[in-house]
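The values are calculated or read from the model by the stated rules, or taken from the named source; none is laboratory data. All values reported here derive from a predicted model rather than from experimental measurement. Note: ideal-geometry Cβ built from the backbone for every residue, glycine included; neighbour counts use all protein chains shown.
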Amino acid sequence: MGFIFNNQGLIVTTLQDHVFIIDIQNWDPLSVLYTEIDNSFMPKNQFFSHIDTKHITENRSLCLLSFSDGTSTVLELEKVQGRIQSKVLDKFCMFEYQIAKSEDADIVELYQNLTKYRVIIL
């Protein structure tokens, strides 16, 4: 989970590969805007290993999602007219980068093997 929209909202992920936005609309009485966002950006069969967020404005946040296979995805989350929109800004994989840049066959094999496992990092 991570805080978004100037700490008025949450981005929540599950081990079942779902991403939810819970945005507090009003504290008294409590009302929330609840949205499941498209998860097509996620690598298949991988766990979230880390979420980090940055508040841009009260209605806009950036979110970095890291996965157990070395993939990282940067999302833009924005509230527009009572709806939450998400957009993938960037997606990259550090393991693939290391494989492409390495001249050592053992290192390449190590990173290729690491991408095959679904690991929970606590």
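List, please: which pairs have Cβ atoms under 9 Å, are six or more places apart or on different chains, and start with a residue in region 4-22 that is over 14 Å from Leu64 (Cα atoms) and end with one that is surrounded by 13 or more Cβ atoms within 10 Å (Cβ to Cβ) and among the aromatic types (Phe, Trp, Tyr)? That search, which allows pairs on different chains as well, returns Gly9/Phe3; Thr14/Phe20; Thr14/Phe48; Leu15/Phe47; Leu15/Phe48; Asp17/Phe47; Asp17/Phe48; Ile21/Phe5. Among the residues in region 27-39, are any hydroxyl-bearing (Ser, Thr, Tyr) and in contact with an Asp or Glu (Cβ under 9 Å, 6 or more places away or on another chain)? Taking every residue of region 27-39 in turn, at least one turns out to be hydroxyl-bearing (Ser, Thr, Tyr) and in contact with an Asp or Glu (Cβ under 9 Å, 6 or more places away or on another chain). Only a single criterion out of (1) in contact with a Phe, Trp or Tyr (Cβ under 7 Å, 6 or more places away or on another chain); (2) surrounded by 17 or more Cβ atoms within 10 Å (Cβ to Cβ); (3) assigned to a strand (DSSP E or B) is not satisfied by Gln46, namely (3). You will find that of Thr71, Thr57, the residue that is polar (S, T, N, Q) and out of contact with any strand residue (DSSP E or B) (no Cβ under 6 Å at 6 or more places or on another chain) is Thr57 and no other. Out of all the residues in region 103-122, which are at pLDDT below 75, surrounded by 12 or more Cβ atoms within 10 Å (Cβ to Cβ) and of a type outside the set (A, V, I, L, M, F, W, C)? Those that are at pLDDT below 75, surrounded by 12 or more Cβ atoms within 10 Å (Cβ to Cβ) and of a type outside the set (A, V, I, L, M, F, W, C): Tyr111, Gln112, Thr115, Arg118.
Of the residues Ile11, Ile24, which single one is within 13 Å of Cys63 (Cα to Cα), among the β-branched types (Val, Ile, Thr) and part of a strand (DSSP E or B)?
Numbers: Ile24 fails: within 13 Å of Cys63 (Cα to Cα).
Answer to the selection: Ile11.
Taking the criterion of being within 20 Å of Gly9 (Cβ to Cβ) and of a type in the set (Asp, Glu), the residues of region 42-71 that qualify are Asp52, Glu58.
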